[in-house]
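Here the structure is laid out as structure tokens; the discussion comes afterwards.
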Amino acid sequence: MRAPLQTALAAWRQARGVAEGANPRRTGLAYHRAVNHLQFYVSLLRVGPRPKGEVRDELRAACHALSVLGRESVPTVVAAGATHYVAIHARIALAAAHLADPAHGEASRVASALAGPALERFDPDGVGGVPPRERIAGAADVRMLLAGVVAGRPPGRGAAGEPWLVTDDASAGFRAAYRDRRLFRRAVLPSCAGLDPAAEALRLGTESVGLHTALAREIPAHAAERERARGELRLLARRLGRTVPPVG
């Protein structure tokens, strides 16, 4: 099962190398390939024959890696002018980050989630494990990333089809992996179900600040990230013509 992961990490490493050449089109294409490979690995874990309990940590680690890769890929896809894939990559990253987040996007669960174990780090250049705080912060940052995409390129729905509410549940079978990949491309958080684009963007931005605020409450050194997120929310609300919602 790890062979697809090694293929994905090799593609990711290659994308980073291509990015050093400053060719936007080639870089965007290389990152798109890497996202496809890593997402396929995630889907194989979600729908494969191994018991869910056996793959749980591996899947969460892979999902976190996919969210990190997605955050890297979105700017490269923008620079390449591949506008169709901007929202797709952002929504893939959103789904992956949410599935990896030990707090499940809920600020009230951050404190208890921080006591959880670190996961294996799937990154071609990374070292050490991935602690809960990093996964929670990643879920917060991806929310703000997609909020900006939706605000800048409404409706930002991703791939065509009915929105998919992100869930741990997945169908079984090899062909199901391909169906699962398509679902990620039009992912919507349960908290954003039924919202119009502007409302979804504002909800995502608000949740991002909420998670960073909860992290800063437990980890004082995270205060700078909280303030950065607050500033991004103010800018987002201004772009949308909305009032900045209060965040505890």
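The values are calculated or read from the model by the stated rules, or taken from the named source; none is laboratory data. These numbers come from a predicted model, not from an experiment. No Cβ is skipped: glycine too gets one built from the backbone with ideal geometry, and neighbour counts run over all protein chains shown. Just the protein is used for accessible areas: all its heavy atoms, side chains included, with ligands, DNA and RNA removed. Shrake-Rupley method; radii C 1.70, N 1.55, O 1.52, S 1.80 Å.
Numbers for the structure displayed
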| read-out | value |
| --- | --- |
| Qualifying positions in the stretch 15-51 - of a type in the set (D, E, K, R) and surrounded by 23 or more Cβ atoms within 10 Å (Cβ to Cβ) | ARG46 |
| Boolean, ASP141 is open to solvent by 10 Å² or more (accessible area, probe 1.4 Å), within 13 Å of HIS64 (Cα to Cα), touching a helix residue (DSSP H, G or I) at 6+ places or on another chain (Cβ under 7 Å) and at pLDDT below 95 | no |
| Options GLY156, GLY116, GLY194; residue that is modelled with pLDDT of 95 or more, of a type outside the set (Ser, Thr, Tyr), open to solvent by less than 70 Å² (accessible area, probe 1.4 Å) and not in a helix (DSSP H, G or I) | GLY116 |
| Selected residue (only one of LEU45, LEU9 is of a type in the set (A, V, I, L, M), closer than 23 Å to LEU189 by Cβ and either touching a Leu at 6+ places or on another chain (Cβ under 8 Å) or at pLDDT 95 or above (or both)) | LEU45 |
| Only listed residue being in a loop (DSSP other than H, G, I, E, B) and in contact (Cβ under 8 Å) with a residue 60 or more places away in the chain, chosen from ALA95, ALA103 | ALA103 |
| The one condition in (1) assigned to a helix (DSSP H, G or I); (2) within 19 Å of the chain's Cα centre (by Cα); (3) within 27 Å of LEU59 (Cα to Cα) that VAL150 fails to fulfil | (3) |
| Residue match in the stretch 31-44 (condition: under 19 Å from the mean Cα position of the chain (by Cα), of a type in the set (A, V, I, L, M) and not in a helix (DSSP H, G or I)) | no |
